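These notes are about the structure you will find just below.
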Amino acid sequence: MALLHTLALRPRLVLGGLFILSLLAFLALIPVPRIDGKLIGSDGLYYFAYAHTLVFDGDLDFTNEYAALNIPPTSPRPTLAGWPANKYAIGPALLWMPWYLAAHLIALIANVINPQIAADGYSYIYQAAISIGSITYGAIGIALAHRCACRLGSAQAALIAVTLLWMASNLPYYMIFEPSMPHMLSLLCVSLLLTIWFERVRHADHVPMGIWLLLGTAAGAVVLVRTQDAPYILIPIGSIMWQIIRSFRSGNWVQTRSWLIGAALASIMALLVFLPQMLAWKILYGGWIVNSYADDRAQIFFWLQPKLYEVLFSPFHGLFTWHPIYLAAITGLISLAGRQRTLALGLLAILAIETYLIGSWWSWWQGDSFGGRMFIGATWIWAIGLAALIEQIRIKQIAWPALVTALFLILWNGLALAQYRLGFIPMGLPPTWQQLTIERILLPLRILARLRGKA
């Protein structure tokens, strides 16, 4: 425990070390042979297509991108412009742009030295660059979550919390194995939004104009990357509305006016940041506000029949079933309500809204998902809850049982990751309880048998 206390005093060393380990793990996997010959995959191909067409073609015609990446349009019908459809958000490509352009510069230089190295926007150089960008963004988002968790409890509890999330949740899978998915970008944007609100808006009497603009920028980025993350914006909105009502009731017209102007500035900034997505919708689908996911389905949400239990506890990618560390974080949020009632209840409410939104979606199991991947954007909230739980464990002096449990969760997650990635359980089909328990425990023996069979 003395070692943990020492490391807690040097969080940059721990967080930096975890970032470097994640980056090295990704780089080490690059030479591994892949069936499709690409580093990126799944939904990441469509986000990547945005980056290529913006830089190389200057339009939103994905015909050549889909052909080069060997992927179909996201709808059998062409868009109003007559181009292949792309239902995914433009935000990830925009956040990747510095990394993508840097890769293009490297590719151009490399092409001069060796003409066989293509500077065509598709090669491993570009794919690795945007993936490294995602890993970096995810690490920054986790660091922001750690910073805020420190303000609610001990530095030791905060560091242990984010370390556990980094190792015992589905976060490392989408950071190392599928960084082309938008989840690390979502993590960053939500963490940035909530950090600005938590540190500079939540208890402030006066908020500078610059902070309002930053808050609006972060809010716009949240929905620019994943429109499904819009519920997280309700946290600062609710807080700001309460401040306006409170100052109005007290007769403080100057403060009321200041908050109203600030809220308006933040809203305008959020709209400006989200404008690229609206322009993309207008060009592709003919409307400024479009549900592009509904383009190829009669109904995508079943609001009166949400699969709430399944989203949380089903063997088919259930959030708590696959990653119990999130259930521990929920327990921590409940315990936090004793001393930070409004904050804890607000965060729990947002998680409930997210659960309802995901449960109402036709694909509530979230496709080929390693656990409940759509909850990764809530890492800031998970860190707050888990840190609160760890703080209670420290106070009650039950550290050793908790340490054993934490090590078990890390090991269990490692086995789950290997089981999922190596094909011992189906990615897009429901696994059985036996596969998630007994077969997971026996996984090392099965891997050994597979290796012997290849020898």
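Can you find a residue that is touching a helix residue (DSSP H, G or I) at 6+ places or on another chain (Cβ under 6 Å), of a type in the set (S, T, N, Q), surrounded by fewer than 20 Cβ atoms within 10 Å (Cβ to Cβ) and at pLDDT below 95 anywhere in region 253-260? Yes, because at least one residue in region 253-260 is touching a helix residue (DSSP H, G or I) at 6+ places or on another chain (Cβ under 6 Å), of a type in the set (S, T, N, Q), surrounded by fewer than 20 Cβ atoms within 10 Å (Cβ to Cβ) and at pLDDT below 95. Among the residues of this structure, residue 412 counts as one that is among the aromatic types (Phe, Trp, Tyr), under 27 Å from the mean Cα position of the chain (by Cα) and under 29 Å from residue 162 (Cα atoms). Filter region 328-365 for residues that are touching a helix residue (DSSP H, G or I) at 6+ places or on another chain (Cβ under 6 Å), surrounded by 15 or more Cβ atoms within 10 Å (Cβ to Cβ) and either among the acidic types (Asp, Glu) or under 19 Å from residue 302 (Cα atoms) (or both) and give the result. If the condition is that a residue be touching a helix residue (DSSP H, G or I) at 6+ places or on another chain (Cβ under 6 Å), surrounded by 15 or more Cβ atoms within 10 Å (Cβ to Cβ) and either among the acidic types (Asp, Glu) or under 19 Å from residue 302 (Cα atoms) (or both), then 354, 355, 358, 359, 364 are the ones that fit. Selection of first residues in region 369-388 that are outside any helix (DSSP H, G or I) and of second residues that are of a type in the set (S, T, N, Q) and modelled with pLDDT of 95 or more, restricted to Cβ pairs under 6 Å at least 6 apart or on distinct chains, gives the following pairs, ordered by first then second residue: 370/170; 371/170. Applying the criterion of being part of a helix (DSSP H, G or I), touching a residue at least 60 places away in the same chain (Cβ under 8 Å) and touching a Ser or Thr at 6+ places or on another chain (Cβ under 7 Å) to the residues of region 313-325, the residue that is surrounded by the fewest Cβ atoms within 10 Å (Cβ to Cβ) is 321. Going through (1) surrounded by fewer than 11 Cβ atoms within 10 Å (Cβ to Cβ); (2) modelled with pLDDT of 95 or more; (3) not hydrophobic (A, V, I, L, M, F, W, C) one by one, residue 33 falls short only on (2).
Residues that are outside any loop (DSSP other than H, G, I, E, B), of a type outside the set (A, V, I, L, M, F, W, C) and over 15 Å from residue 283 (Cβ atoms) within region 34-64 comprise 44, 46, 47, 52, 64, listed in sequence order. Please work out if residue 25 is more than 30 Å from residue 229 (Cα to Cα) and part of a helix (DSSP H, G or I). For residue 25, the condition - more than 30 Å from residue 229 (Cα to Cα) and part of a helix (DSSP H, G or I) - is not met.
Whenever a residue of region 225-246 is without any contact (Cβ under 8 Å) to a residue 12 or more places away in the chain and under 25 Å from residue 361 (Cα atoms), its partners that are buried (at least 16 other Cβ atoms within 10 Å of the Cβ) and not aromatic (Phe, Trp, Tyr), lying with C-beta atoms within less than 6 angstrom and at least six residues away or across chains, give the pairs 230/223.
Considering the conditions (1) out of contact with any Phe, Trp or Tyr (no Cβ under 6 Å at 6 or more places or on another chain); (2) more than 20 Å from residue 172 (Cβ to Cβ), residue 360 is excluded by exactly one of them, (1).
When residue 134 is tested against the conditions (1) among the small types (Gly, Ala, Ser); (2) in contact (Cβ under 8 Å) with a residue 60 or more places away in the chain; (3) surrounded by 23 or more Cβ atoms within 10 Å (Cβ to Cβ), the lone failure is (2).
No other residue among 89, 107, 93, 51 is surrounded by 16 or more Cβ atoms within 10 Å (Cβ to Cβ), small (Gly, Ala, Ser), closer than 25 Å to residue 293 by Cα and in contact with a Gly (Cβ under 9 Å, 6 or more places away or on another chain) apart from 51.
Residues checked against (1) among the hydroxyl-bearing types (Ser, Thr, Tyr); (2) farther than 30 Å from residue 73 by Cβ; (3) in a helix (DSSP H, G or I):
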position	(1), (2), (3)
255	no, yes, yes
269	no, yes, yes
276	no, no, yes
332	no, yes, yes
338	no, yes, no
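The residue of region 415-445 that is farthest from residue 156 (Cα to Cα), among those that are more than 25 Å from the chain's Cα centre (by Cα), aliphatic (A, V, I, L, M) and assigned to a helix (DSSP H, G or I), is 445. Here is the figure for region 141-194: residues that are under 17 Å from residue 215 (Cα atoms) and surrounded by fewer than 23 Cβ atoms within 10 Å (Cβ to Cβ) total 2. Which of the residues spanning region 174-183 are touching a helix residue (DSSP H, G or I) at 6+ places or on another chain (Cβ under 6 Å) and either among the small types (Gly, Ala, Ser) or not in a loop (DSSP other than H, G, I, E, B) (or both)? Across region 174-183, the qualifying residues are 174, 175, 176, 180, 183. Taking first residues from region 412-435 that are over 16 Å from residue 41 (Cβ atoms) and partners that are assigned to a loop (DSSP other than H, G, I, E, B) and aliphatic (A, V, I, L, M), the Cβ contacts under 6 Å between residues at least 6 apart in sequence or on separate chains come to 419/425; 431/425; 435/425.
Of the numbered criteria (1) in a helix (DSSP H, G or I); (2) under 14 Å from the mean Cα position of the chain (by Cα), the one residue 106 fails is (2).
The values are calculated or read from the model by the stated rules, or taken from the named source; none is laboratory data. This is a predicted model, so every value here is computed, not measured. In this analysis, Cβ positions are derived from the backbone assuming ideal geometry, glycine residues included, and neighbour counts consider all displayed protein chains.
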